[in-house]
Amino acid sequence: MSDTTQVVERQGNAVAQSEEDRTPTVVPAIDIVENKNGIILWADLPGVTTDKLEVKVHDGTLTIEAEAVVPTPAGLHLQHAEIRGSRFARSFSLSPDFDTSKIEASLRDGVLKLTIPRREESHPRRIEVRID
Amino acid sequence: MSHFYFGTDLFNELNRLHQQMPSLFPGTPSSLRSAHLGAFPPVNIGTTDDSIEIVAFAPGIKPDEFDISIDKGLLTISGERKPILSESDTETRPYAQERFVGTFRRAIELPENADPDKVQARYANGCLSISIGKRESSKPRAITVQ
């Protein structure tokens, strides 16, 4: 397995979309680690519940889209905002080594965890050398 | 629909620009308590007729790990977000580390009319919502003309 990153961020799609619907889109902060089984990705999605979260894989592109809903009282007048969008979007291109049918996703306290396993045949293997 | 995101006017835009100035031009004087950009957790602040509403976007923290206090009109939110993986873990290789890790502390100056006895804090889906009541005397009143 080479050291080159196998999960490459895909720019463009998310940005183009945000211009259409005027609502600023927030790019969530992520952590990615690789272990021998595959890749684990964590994304900060504060205010997002499972019904407002969409994780899609299409043509080797993994897309995370979510919408945050923060309950607020009626008649609220915003005075200071450091987070200026309620939509999150980020996409990555996945190398074919990964088994996209076995991706596991869980959401807890606004943190999404994605476990993306490597295909069986892509696991690093040691090849025995026979001496004839 | 949440209104914690939009509806800011030109003044807020100018305010935001003012806040970003120190990071754009280091050395420019700014308010002592003005937050530098990228502080964790980001906060949005709004008001209603009855209360001051503060939302801190702090995912991945247990509710009892927050330390929230009000002292002399200053609301302080502090705590720690622990790393997901231990450093001794040699089996894993990190590719990206963008999420905030470590201790944090944010202070918010409350207006004069905030009542420190009427505070409610709630943590849900990674958002810490703090509601501070306003003193009775400061609430807007309609005055009837005799």
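The values are calculated or read from the model by the stated rules, or taken from the named source; none is laboratory data. Model, not experiment: these values are computed from the prediction. Note that we place each Cβ from the backbone using ideal geometry, even for glycine, and neighbour counts take in every protein chain shown.
Numerical summary
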read-out	value
Test: residue in the stretch A:47-54 that is among the hydrophobic types (A, V, I, L, M, F, W, C), within 27 Å of B:D49 (Cβ to Cβ) and crowded, with 18+ Cβ neighbours inside 10 Å	no
Residue in the stretch B:111-131 that is over 14 Å from B:D71 (Cβ atoms), more than 14 Å from every other protein chain (Cβ to nearest Cβ) and free of Cβ contacts under 8 Å to residues at least 12 places away in the same chain present	no
The stretch B:67-96, residues that are within 12 Å of chain A (Cβ to nearest Cβ) and at pLDDT 90 or above	B:R81
The stretch A:93-127, residues that are of a type in the set (A, V, I, L, M, F, W, C) and surrounded by 18 or more Cβ atoms within 10 Å (Cβ to Cβ)	A:L94, A:F98, A:I103, A:L107, A:V111, A:L112, A:L114, A:I116
Failed item, numbered, when B:I143 is tested on (1) among the hydrophobic types (A, V, I, L, M, F, W, C); (2) within 13 Å of chain A (Cβ to nearest Cβ); (3) farther than 26 Å from A:V70 by Cβ	(2)
Hits in the stretch A:23-45 - residues which are surrounded by fewer than 18 Cβ atoms within 10 Å (Cβ to Cβ) and under 24 Å from A:D97 (Cβ atoms)	A:N35, A:K36, A:N37
Qualifying positions in the stretch A:64-78 - within 18 Å of A:V26 (Cβ to Cβ) and more than 7 Å from chain B (Cβ to nearest Cβ)	A:I64, A:E65, A:A66, A:E67, A:A68
Listing of strands (runs of 3 or more DSSP E) fully contained in the stretch B:83-132 that carry 2 or more residues being outside the structural domain of B:I54 (by TED's automatic domain parsing)	B:93-97
Residue check, A:R90 surrounded by 13 or more Cβ atoms within 10 Å (Cβ to Cβ), touching a residue at least 40 places away in the same chain (Cβ under 8 Å) and among the charged types (D, E, K, R)	yes
The stretch A:104-129, subset more than 18 Å from B:T92 (Cα to Cα) and in contact (Cβ under 8 Å) with a residue 40 or more places away in the chain, residue nearest to the chain's Cα centre (by Cα)	A:L112
